[in-house]
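Written out below as structure tokens is the structure these notes cover.
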Amino acid sequence: MDETWLRPLVWMDYRLAVLFTVIVPVILLIWALVRQADAILRLLIIYWRVSSLLMITVYLAIATWSCPFSYITGLVARILIPISLWFWVDLNDEIRDLPQSFLKLVLTSWRWAVTIYSSLGAIASLPFLSCAFSGGEYAVNTPFCRVWLEAPWGYKEWFHPNASPGFLGFLGMVGLIIYTLYFAYFLLIRLGKQGRSALEQ
């Protein structure tokens, strides 16, 4: 398949991901700290915990042996992030009851923007799940799959030029195991005790 039409769309997706999932929430986190907006701060802490799966995805995509996992974790991250922003009844109520402010407006706009972006991204990434089940060599050598790996490879050249891809993939896999264990603990234990309350999250 000719990837020339796909590459600009994939790179646009990565740029939007940096904007919506990194830059804006960092600004909001600092802003909430300065304003001492506890409800917003708690929501953003939960967001960062959940969205760490995106960074794990980047590291998984770097190594040939681990890159098939990145197609799955990328899709799962797009599903979990919007859920993490709207799931908590107590935080939703607290944020809704906050006095009108520019911070509240920006937060609400960002929540909706990330929800729409992640939902559309999850739908668009479904055809690429085939890359996850065809092996690392297939993903690396097939333009349809490889185009999604180019940005993580660029990240590796910028931030880990002397590290081996295999080692970075190993770090990604360790991160994925820890993330999965924590998520299982949340689903099996914490969710039953606390329900949709963000208390102690």
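The values are calculated or read from the model by the stated rules, or taken from the named source; none is laboratory data. As the structure is a computational prediction, the values presented were derived from the model and not from experiment. With ideal geometry, Cβ positions are generated from the backbone for all residues, glycine too; neighbour counts draw on all protein chains shown.
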For segment 130-181, how many residues meet the condition of being in a loop (DSSP other than H, G, I, E, B), among the small types (Gly, Ala, Ser) and modelled with pLDDT of 95 or more?
-> 2
Are any of the residues in segment 138-150 farther than 17 Å from THR4 by Cα and either over 16 Å from the mean Cα position of the chain (by Cα) or surrounded by 14 or more Cβ atoms within 10 Å (Cβ to Cβ) (or both)?
-> yes
Taking ILE81 as the residue in question, decide whether it is crowded, with 18+ Cβ neighbours inside 10 Å, in contact with a Lys or Arg (Cβ under 9 Å, 6 or more places away or on another chain) and either modelled with pLDDT under 95 or under 17 Å from LEU29 (Cα atoms) (or both).
-> no
With respect to THR21, is the statement that it is modelled with pLDDT of 95 or more and surrounded by 20 or more Cβ atoms within 10 Å (Cβ to Cβ) true?
-> yes
Unmet requirement for TYR47, which otherwise passes all of (1) part of a helix (DSSP H, G or I); (2) over 10 Å from the mean Cα position of the chain (by Cα) | (2)
Residue in segment 105-121 that is surrounded by the fewest Cβ atoms within 10 Å (Cβ to Cβ), counting only those that are in contact (Cβ under 8 Å) with a residue 24 or more places away in the chain and not aliphatic (A, V, I, L, M) = SER119
Are there any pairs, at least 6 apart or on different chains, whose C-beta atoms fall under 8 Å, with the first in segment 122-135 and more than 13 Å from PHE69 (Cβ to Cβ) and in contact (Cβ under 8 Å) with a residue 40 or more places away in the chain and the second in a helix (DSSP H, G or I) and of a type in the set (Lys, Arg), and if so, which?
-> ALA122/ARG78; SER125/ARG78
Please go through segment 51-78 and pick out each residue that is in contact with a Leu (Cβ under 9 Å, 6 or more places away or on another chain) and either free of Cβ contacts under 8 Å to residues at least 24 places away in the same chain or small (Gly, Ala, Ser) (or both).
-> SER51, ALA61, ALA63, SER66, SER70, GLY74, VAL76, ALA77
Hits in segment 79-103 - residues which are part of a helix (DSSP H, G or I) and free of Cβ contacts under 8 Å to residues at least 40 places away in the same chain = LEU80, PRO82, ILE83, SER84, TRP86, ASN92, ASP93, ARG96, PHE102
Hey, among ARG111, ARG96, which residue is within 24 Å of PHE183 (Cα to Cα) and of a type in the set (D, E, K, R)?
-> ARG111
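Here is a check on your reading of the model: is PRO8 more than 25 Å from ILE178 (Cβ to Cβ) and assigned to a loop (DSSP other than H, G, I, E, B)?
Numbers: more than 25 Å from ILE178 (Cβ to Cβ): yes; assigned to a loop (DSSP other than H, G, I, E, B): no.
No: the conditions fail for PRO8.
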Does THR108 count as assigned to a helix (DSSP H, G or I) and under 16 Å from the mean Cα position of the chain (by Cα)?
-> no
Give the residue that is surrounded by the most Cβ atoms within 10 Å (Cβ to Cβ), with candidates limited to residues of segment 1-18 that are more than 15 Å from the chain's Cα centre (by Cα) and among the acidic types (Asp, Glu).
-> GLU3
